[in-house]
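Engineer: Following this message is one structure expressed as structure tokens.
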Amino acid sequence: MKILVTAGPTREYLDPVRFLSNPSSGKMGYAIAQAAQQKGHEVVLISGPSYLQPPKELQFVSIVSADEMKQQVDQWFEWADGVVMTAAVSDFKPKTRSSQKVKKQDEAALSVEWVQNPDILFELGQKKGKKWLVGFAAESKAILEHAQQKLENKNLDMIVVNDISQKEGGFESDQNQVHLIASNGAIEDIPKMSKSQIAEKLMEKIESKFAS
Ligand code: CTP
């Protein structure tokens, strides 16, 4: 299959040196891209800023902001059979961006006006046709219900949900504990394991559900 994977955070700059972002490391997305490639699929990995080395021998696209991620995802969507969207896309961006570094004397800088970023996965869900979509959700309460709502709202085939209220696991950890929810409502609990093991399991699931 031709698989598009997104990973990492986005950065939404206020001025040349300051940005809104999140602690996503990119580990889950990179592990999925690698697992997919090792299984013989063609992979494009679109990633926000990460300290990880891009896996070799796959097409790698580096982006910074949510708008840039959307532009690249839309461009590659035509090519792909399916998309795994692990990126922690910032929901907001500053309404304006100063071309010069804002000085601390500038009192107007104390309040920032935010606008919403596009919901990239939602928009893919509107035009997906025969392509398959796998989303990720980080939830801290009523995790299965909230993830199920996202799955329906974004028209996904599967969602991988992780409980960020747990001490270990989540954004920067090497391990994670997740649940897979399919569009028919079936839930599979994956016990705590390394992100590369989760990537393996997820790829097996993706192959069994979507490979023709
Ligand atoms: N996502 C996206 N574009 C956004 C926000 C999220 O494509 N602007 C994708 C993420 O990559 C993930 C899924 O949507 O696969 C769910 O992301 P999440 O942040 O959990 O959900 P949100 O839709 O942002 O909802 P909320 O922040 O209210 O929980």
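Engineer: Kindly work out what percent of the DSSP beta bridges joining two residues of the range 78-171 are antiparallel, to the nearest 5.
Structural biologist: The answer is about 25 percent antiparallel.
Engineer: So how do ASP106, ASP163, ASP15, ASP174 line up by other beta-carbon neighbours within 10 Å, fewest first?
Structural biologist: Placing the least packed residue first, the sequence is ASP106, ASP174, ASP15, ASP163.
Engineer: Another one. Using a Gaussian network for the chain with springs between C-alpha atoms less than 10 Å apart, which of these wobbles most: PRO54, PRO16, PRO94?
Structural biologist: In this elastic network of the chain, the residue with the biggest mean-square fluctuation among PRO54, PRO16, PRO94 is PRO16.
Engineer: Got the relative contact order for the chain handy, in percent, Cα pairs under 8 Å and 6 or more residues apart?
Structural biologist: 20
Engineer: Restricting things to alpha carbons, find the Rg to Rh ratio for the range 29-78 using the Kirkwood radius for Rh.
Structural biologist: Reported Rg/Rh, Kirkwood definition of Rh: 0.96.
Engineer: State the antiparallel share, in %, of DSSP beta bridges confined to the chain, rounding to the nearest 5.
Structural biologist: Counting only bridges with both partners in the chain, antiparallel ones make up about 40 percent.
Engineer: Another question about this same structure. Please compute the net charge surrounding GLY48, taking Lys and Arg as +1 and Asp and Glu as -1 over other residues with Cβ under 10 Å from its Cβ.
Structural biologist: That sum, taken over residues with Cβ under 10 Å, equals 0.
Engineer: Another question, then. Got a sec? How would LEU14, LEU121 order by Cβ neighbour count within 10 Å, fewest to most?
Structural biologist: Final ranking by Cβ density, sparse to dense: LEU14, LEU121.
Engineer: Report the calculated FRET efficiency for GLN126 and VAL17 (r = Cβ-Cβ distance, R0 = 45 Å), to the nearest 0.05.
Structural biologist: Between GLN126 and VAL17 the formula returns 0.80.
Engineer: Which of the listed residues, LEU133, MET158, PRO23, is farthest toward the dipole's positive end in the chain, when Lys, Arg count +1 and Asp, Glu count -1 at the beta-carbon?
Structural biologist: PRO23
Engineer: Taking H as built 1.01 Å from N, whose amide H comes closer than 5 Å to the amide H of VAL178, not counting residues under 5 places away?
Structural biologist: Excluding prolines and chain starts, which carry no amide H, the hits are ILE190.
Engineer: May I ask you to list the trypsin sites (Lys or Arg not before Pro) in the range 93-150 that are in a DSSP loop and have at most 15 other Cβ atoms within 10 Å of their Cβ?
Structural biologist: Taking the range 93-150 and a limit of 15 other Cβ atoms within 10 Å, the loop trypsin sites (Lys or Arg not before Pro) found are LYS95, ARG97, LYS101, LYS103, LYS104, LYS127, LYS130, LYS141.
Engineer: Against the globular-protein guess of 2.2 N^0.38 Å, express the Cα radius of gyration of the range 2-211 as a ratio, rounded to two decimals.
Structural biologist: Normalised Cα radius of gyration, the range 2-211: 1.04.
Engineer: Please report, in whole Å, how far the alpha carbons of the range 105-167 spread along each principal axis, starting with the longest.
Structural biologist: Result, largest extent first: 53, 35, 15 Å.
Engineer: Can you give the calculated 222 nm mean residue ellipticity of the chain, where each DSSP H run of n ≥ 4 adds -39,500 (n - 2.57) and the sum is split over every residue, rounded to the nearest 500 deg cm²/dmol?
Structural biologist: -8500 deg cm²/dmol
Engineer: What's the longest piece of the chain with no exposed chymotrypsin sites (Phe, Trp or Tyr not before Pro), counting a site as exposed if DSSP puts it in a loop and it has at most 15 other beta carbons within 10 Å?
Structural biologist: 80-212
Engineer: Ok, one more. Given that compact globular proteins tend to follow 2.2 N^0.38 Å, what is the ratio of the alpha-carbon Rg of the range 1-119 to that value?
Structural biologist: This ratio for the range 1-119 stands at 1.20.
Engineer: Under a point-charge model restricted to the Cβ atoms of Lys and Arg (+1) and Asp and Glu (-1), what is the dipole moment magnitude of the chain relative to its Cα centre, in debye to the nearest 20?
Structural biologist: 280
Engineer: Separate question: Longest segment of the chain with no GluC sites (Glu not before Pro) in a DSSP loop having at most 10 other Cβ atoms within 10 Å?
Structural biologist: The segment 1-56 is the longest one with no such site.
Engineer: Something else about it: Can you give the local net charge around VAL112? Use residues other than it whose beta-carbon is closer than 11 angstrom to its beta-carbon, Lys and Arg +1, Asp and Glu -1.
Structural biologist: Summing Lys/Arg as +1 and Asp/Glu as -1 gives +1.
Rule-based calculations on the coordinates, nothing more; no lab input. Bear in mind that the values here come from a model prediction, so they are computed numbers and not experimental data. Positions of Cβ are generated from backbone atoms using ideal geometry, with glycine treated the same way; all protein chains shown enter the neighbour counts.
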